[in-house]
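Okay, so here's the structure we're looking at.
The values are calculated or read from the model by the stated rules, or taken from the named source; none is laboratory data. Since the structure is predicted, the reported quantities are computational estimates derived from the model, not experimental observations. Neighbour counts are summed over all protein chains in view; Cβ atoms, including those assigned to glycine, are modelled from backbone coordinates with ideal geometry.
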């Protein structure tokens, strides 16, 4: 039978199996009673007295609960107010939103919530990478990847001056790279001009950071190998191959020039030296002839006849020494006889060191004998006519 059915004993029973109005209670305890027991326990811990069944609570129990709450709040606040700054870090403390101080490494204390702290690592180098398509000076589009390394040099400026300093750094990097690439030809960007471009980007980027007072120092800018967009990569590869062929031809031409030019210079120098030697020889010979003529004039003035005869003999000796003809003079009043050295002429025709055949030698001897005979007969006739 249900506990609230008509005819039942509903006044004496409850749904928990106990009797209303007294008796044993086997159901769950009342919440109010549980709270009273907890309060009695806390009062006993902090010096209060426990209540009896119908006794009113004393006022000391409320103060004890308040003290516990305040102690817990104080512990939480103290835990959050004490902080440690590492060796590589710094902390900036703001009091009522205004800069108060910069804290170094060690154990420190501040007063939240009136104070706020911003703690950052100021020695670690940070980096981020960026890549984008840019227009060069000669109106070519290329993709330039780069990496920027930086660190925080002034934590106060980093926290207070700019809302998002790292975002400002990225935007400034984009501006600096586009300015440098836009004023550089494509050949320089793709080949040996990357180091100079990286230096220019770093200088311009640091100028932006100093102007904005972000507290950031740019330590390194690395421009990686730039490349053309994928849509025109094949055309760029052809251009690069053509440029390499051009450079190879230039190297071959320079190698050939390095081999020919020194040789030509050597020949020119040798010709100059020969001309200089010939000039010195002519000048020396002319100087010697002039000196000899001067001395000859002095001797001629002393004895003209002897000097004239000597000059004539020297001149004739010099002339006769260069001819194969011998002029034989007879007595006075007789005709001069001309002697032809046929043996020397035959030797000169046959060549130096060549042997003359026997028949040719005999014919030459007979011809010489006949010529001598004719000359002698002519000489006799001449004498007889006289």
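The table below lists the values:
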{"quantity": "The one condition in (1) closer than 30 Å to residue 244 by Cα; (2) surrounded by fewer than 14 Cβ atoms within 10 Å (Cβ to Cβ) that residue 127 fails to fulfil", "calculated": "(1)"}
{"quantity": "Count - residues of the range 132-152 that are free of Cβ contacts under 8 Å to residues at least 24 places away in the same chain and on the phi < 0 side of the Ramachandran plot", "calculated": "0"}
{"quantity": "Subset of the range 67-85 (residues that are exposed (fewer than 12 other Cβ atoms within 10 Å of the Cβ) and within 14 Å of residue 118 (Cα to Cα))", "calculated": "80, 82, 84"}
{"quantity": "Residue match in the range 114-124 (condition: under 26 Å from residue 167 (Cβ atoms) and free of Cβ contacts under 8 Å to residues at least 24 places away in the same chain)", "calculated": "yes"}
{"quantity": "Residue check, residue 218 under 27 Å from residue 133 (Cα atoms) and either at pLDDT 90 or above or in contact with a helix residue (DSSP H, G or I) (Cβ under 7 Å, 6 or more places away or on another chain) (or both)", "calculated": "yes"}
{"quantity": "Filter pass, residue 257 being modelled with pLDDT under 90 and exposed (fewer than 12 other Cβ atoms within 10 Å of the Cβ)", "calculated": "yes"}
{"quantity": "The range 83-137, subset under 30 Å from residue 182 (Cα atoms) and assigned to a loop (DSSP other than H, G, I, E, B), residue modelled with the highest pLDDT", "calculated": "125"}
